[in-house]
Amino acid sequence: MPHTRPTARTYGLSDFDFHLPPELIAQHPAPERSGSRLLDGSASTPTDRIFRELPTLLKAGDLLVFNDTRVMNARLFGEKASGGKLELLIERVLGGNQVAAHMRVSKKPAIGDTVSLISAPGHPEHLSATLLGRWPDADGALFRFVLCNDAGDDPYTLMARHGHVPLPPYITHTDSVEDAQRYQTVFAKNLGAVAAPTAALHFDEALLNQFDAMGVQRAHVTLHVGAGTFQPVKTENLSEHQMHSEWYEVPAATQQAIVDCRARSGRIVAVGTTTVRTLESWAREMGEMGVRAESTRHSDLPPISRTPFSTDTRIFITPGFEFRVVDALVTNFHLPKSSLMMLVSAFAGYEHIMALYVHAIREHYRFFSYGDAMLLSRA
């Protein structure tokens, strides 16, 4: 169930639908990361900008919070003993060379069956996957496999060598050298995502250095983005939607940076919806653990700890959600009927978001993972 406060109206799935001309779905990134367009929606009237203008919209003392997850080469191809084709999208690495994966196949193999996976050119090492069952339980949506090769390498090594960049379903080309570089942030660190935190793809080293020089602070969280981020919500009644689970961590240094930012009256600027999900999950989790929140001018922040805080989240942010941490948001344009459309509508106001999307379509902004960005302020 989403966490909500009373609102003037009840929203259903159809409220978050819109028509997007297919030609506006970006198939490739902009030639330069910071050369993409930026729709400044932080005020009531939208302003068309270039992303490298973002520093002019922030001030010294603000805090940019990034998701430093790193995308795995999580897509593997193979075939069953019968010759049928199979595709795995590895969502999580478990213990003992086991992985949890989505499986695309015409007829599922039986538990205990081993399928051959396609090795990278020049690496003929008998790569295979053995099906152990479903995950996380007998009714789970994912499948648990053991990955093996001749050398007994771990799943991360096998994915790095043989896997493909897990491009989103709306990008129609096969992964390339360009994708290996550009479907990854310049500060990607902690391996574990199957989708990029795409709002952060617009930042390059020159832009980050500019923020440092002007006194805008930076901090990082980690949320390993799952394939569920691309799944549309299917129930008109939003309270019936089952949100996917993602693992996150808020380092102790980031907790301190957030409190320090509040103390100097700076704004906490989340880069991407995954960062919003992380920060608001952290604040809410601490509250539900019985930790008293400290009331501040903008939000209720939980006390910080000397250790990282990590757990899984299924947070579902819809209009009426009470934000505790994030003041501003840099984000890309999202899929119709997606949970992320609901999140940005909750953050900046439903009517404002829908008006921004009308403007973006009219002005031919580029949409989705390789597309352009927006800057939003909390309503």
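So here's what we get for this one:
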read-out: Criterion violated by residue 163 - all others in (1) touching a Leu at 6+ places or on another chain (Cβ under 7 Å); (2) open to solvent by 50 Å² or more (accessible area, probe 1.4 Å) satisfied; value: (2)
read-out: Complete set of residues in the stretch 87-136 that are assigned to a strand (DSSP E or B), of a type in the set (D, E, K, R) and open to solvent by less than 40 Å² (accessible area, probe 1.4 Å); value: 87, 91
read-out: Residues located in the stretch 80-98, provided they are free of Cβ contacts under 8 Å to residues at least 40 places away in the same chain and either of a type in the set (A, V, I, L, M) or more than 10 Å from residue 155 (Cα to Cα) (or both); value: 80, 81, 82, 83, 84, 85, 86, 87
read-out: Residue tally, condition touching a strand residue (DSSP E or B) at 6+ places or on another chain (Cβ under 9 Å), assigned to a loop (DSSP other than H, G, I, E, B) and among the β-branched types (Val, Ile, Thr), over the stretch 183-224; value: 3
read-out: Restricting the stretch 137-153 to residues that are open to solvent by less than 60 Å² (accessible area, probe 1.4 Å) and assigned to a loop (DSSP other than H, G, I, E, B), the residue that is nearest to residue 65 (Cα to Cα); value: 140
read-out: Whichever residue in the stretch 300-333 is part of a strand (DSSP E or B) and not polar (S, T, N, Q) and, among such residues, is surrounded by the fewest Cβ atoms within 10 Å (Cβ to Cβ); value: 312
read-out: Of all residues making up the stretch 184-237, the number that are loosely packed, with under 15 Cβ neighbours inside 10 Å and among the aromatic types (Phe, Trp, Tyr); value: 0
read-out: Any hit, the stretch 345-353, residues being touching a Leu at 6+ places or on another chain (Cβ under 6 Å), modelled with pLDDT of 95 or more, closer than 26 Å to residue 267 by Cα and surrounded by fewer than 24 Cβ atoms within 10 Å (Cβ to Cβ); value: yes
read-out: Flag if residue 37 is among the basic types (Lys, Arg), at pLDDT 95 or above, surrounded by 13 or more Cβ atoms within 10 Å (Cβ to Cβ) and over 24 Å from residue 337 (Cα atoms); value: no
read-out: So residue 20, is it under 23 Å from the mean Cα position of the chain (by Cα) and more than 28 Å from residue 267 (Cα to Cα); value: yes
read-out: Selection within the stretch 260-269 - surrounded by 15 or more Cβ atoms within 10 Å (Cβ to Cβ) and assigned to a helix (DSSP H, G or I); value: 260, 261, 262
read-out: Residue satisfying condition, being free of Cβ contacts under 8 Å to residues at least 24 places away in the same chain and outside any helix (DSSP H, G or I), within set 56, 45; value: 45
read-out: Residue tally, condition assigned to a loop (DSSP other than H, G, I, E, B), over 19 Å from residue 248 (Cβ atoms) and open to solvent by 10 Å² or more (accessible area, probe 1.4 Å), over the stretch 62-86; value: 6
read-out: Hey, residue 376 within 18 Å of residue 50 (Cβ to Cβ), out of contact with any Asp or Glu (no Cβ under 7 Å at 6 or more places or on another chain) and not in a loop (DSSP other than H, G, I, E, B) or not; value: yes
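Each row is one residue, and each column tells you yes or no for (1) under 23 Å from residue 55 (Cβ atoms); (2) among the aliphatic types (A, V, I, L, M).
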{"residue": "307", "(1), (2)": "no, no"}
{"residue": "329", "(1), (2)": "yes, yes"}
{"residue": "332", "(1), (2)": "yes, no"}
{"residue": "336", "(1), (2)": "no, no"}
{"residue": "347", "(1), (2)": "yes, no"}
{"residue": "353", "(1), (2)": "no, yes"}
{"residue": "358", "(1), (2)": "no, yes"}
{"residue": "364", "(1), (2)": "no, no"}
{"residue": "369", "(1), (2)": "no, no"}
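The values are calculated or read from the model by the stated rules, or taken from the named source; none is laboratory data. This structure is a prediction, so every number in the text was calculated from the model and none was measured. Using ideal geometry, Cβ is built from the backbone for each residue, glycine included, and neighbour counts are taken over all protein chains shown. Keep in mind that these areas ignore ligands, DNA and RNA; they rest on the heavy atoms of the full protein, side chains included. Shrake-Rupley method; radii C 1.70, N 1.55, O 1.52, S 1.80 Å.
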